1. Net charge near HIS7: determine it from the other residues with C-beta under 14 Å of the C-beta of HIS7, scoring Lys and Arg +1 and Asp and Glu -1.
2. Grab the Cα-Cα distance for GLU11 and ILE25, subtract it from 0.36 nm times how many residues apart they are, and report the gain in nm with one decimal.
3. Could you compute Rg(Cα) / (2.2 N^0.38 Å) for the chain, with N its residue count?
Amino acid sequence: MHAVEVHRSAEELTGENEVALCGAIVQVLEAPWRAADDPCPRCRRLVG
């Protein structure tokens, strides 16, 4: 799981590729984040 800083509405992001805070290319999905998902260690430090 990665952290993505965005400046657009959720509707505009669904299915789009974005750059995560750690530099990874990720695709934004409609599915909600599950607490059981492991966060990216680098994103976690950057958001911290």
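1. -4
2. Stretched out fully, the GLU11 to ILE25 stretch lengthens by 3.2 nm.
3. Cα Rg divided by the expected 2.2 N^0.38 Å: 1.12.
Values in this text are rule-based calculations from the coordinates and carry no lab data. Remember, it's a predicted structure, so these values are computed and weren't measured experimentally. Virtual Cβ from ideal backbone geometry, glycine too; neighbours counted across all protein chains shown.
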